[in-house]
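The values are calculated or read from the model by the stated rules, or taken from the named source; none is laboratory data. These figures come from a predicted structure and were not determined experimentally. FYI the Cβ positions are ideal-geometry reconstructions off the backbone, even for glycines, and counts take in every protein chain you see. All accessible areas refer to the heavy atoms of the entire protein, side chains included, with ligands and DNA or RNA removed. Shrake-Rupley method; radii C 1.70, N 1.55, O 1.52, S 1.80 Å.
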Amino acid sequence: SAVISQKPSRDICQRGTSLTIQCQVDSQVTMMFWYRQQPGQSLTLIATANQGSEATYESGFVIDKFPISRPNLTFSTLTVSNMSPEDSSIYLCSVYRPENTGELFFGEGSRLTVL
Amino acid sequence: KQEVTQIPAALSVPEGENLVLNCSFTDSAIYNLQWFRQDPGKGLTSLLLIQSSQREQTSGRLNASLDKSSGRSTLYIAASQPGDSATYLCAVSPSGNDYKLSFGAGTTVTVRA
């Protein structure tokens, strides 16, 4: 298994502000994945974070709105910028263990509410 | 494009009854299938991973089967308990080097005491 810590676990934010979510993994991984789960919906992949290179974004997600950092092999951040109520979601960090299409493990999620 | 469907969307059973959750997918060229549990407002917990070459996996009261040719997987939970109340999601991994999983919308289970 994998131990994945996310901070904050939840937050209430004002429209127009930005919030950075942190994800820490208990061992080194090449790729870290950020997902979004909107209320009542299933999961949608936002981007794949690779250490030492730009994140790869999925269709419908852009770097200006969701900038990602990956400073080392155990840590990543996702920023949700210029938030609107439509950004109210659970944001989840995940990794494969073992890597190369093994089993996917998730953090506890960060539940954001934008007023 | 892979589409994953879970039926029913919600299920309520009395304690002790066996649970049967269904997952279907449109493209049978998958690498593996994974079942998750999600408690309200929380992250996902991995329950079972079935590789495409396998037909089933078991862990305690949980058993998951996979029929790749028909595009179906079933999660069985024996002797349900109130603590089993949660949303159960299935996800399929495409073959090759594509790491993007396709998730179903989930089945929300309530086990009544």
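Summary table
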{"read-out": "Residue match in the range A:9-17 (condition: open to solvent by 50 Å² or more (accessible area, probe 1.4 Å), closer than 14 Å to B:Tyr99 by Cβ and in contact (Cβ under 8 Å) with a residue 40 or more places away in the chain)", "value": "no"}
{"read-out": "Hits in the range B:10-33 - residues which are closer than 15 Å to B:Leu49 by Cα and open to solvent by 70 Å² or more (accessible area, probe 1.4 Å)", "value": "B:Tyr31"}
{"read-out": "For A:Ser69: the one exception among (1) small (Gly, Ala, Ser); (2) within 11 Å of chain B (Cβ to nearest Cβ); (3) not in a loop (DSSP other than H, G, I, E, B)", "value": "(2)"}
{"read-out": "Total residues in the range A:25-55, condition within 14 Å of another protein chain (Cβ to nearest Cβ), in contact (Cβ under 8 Å) with a residue 12 or more places away in the chain and not hydrophobic (A, V, I, L, M, F, W, C)", "value": "9"}
{"read-out": "So B:Ile50, is it more than 14 Å from chain A (Cβ to nearest Cβ), over 21 Å from A:Thr44 (Cβ atoms) and open to solvent by less than 60 Å² (accessible area, probe 1.4 Å)", "value": "no"}
{"read-out": "Count of the range A:70-86 residues which are open to solvent by 40 Å² or more (accessible area, probe 1.4 Å) and modelled with pLDDT of 95 or more", "value": "4"}
{"read-out": "Residues of the range A:79-93 classified as within 16 Å of A:Thr17 (Cβ to Cβ), assigned to a strand (DSSP E or B) and either within 14 Å of chain B (Cβ to nearest Cβ) or polar (S, T, N, Q) (or both), total", "value": "3"}
{"read-out": "Criterion: free of Cβ contacts under 8 Å to residues at least 24 places away in the same chain, under 27 Å from B:Thr87 (Cα atoms) and not aliphatic (A, V, I, L, M) - qualifying residue of A:Glu58, A:Glu99", "value": "A:Glu58"}
{"read-out": "Restricting the range A:9-64 to residues that are among the hydrophobic types (A, V, I, L, M, F, W, C) and not in a strand (DSSP E or B), the residue that is modelled with the lowest pLDDT", "value": "A:Val29"}
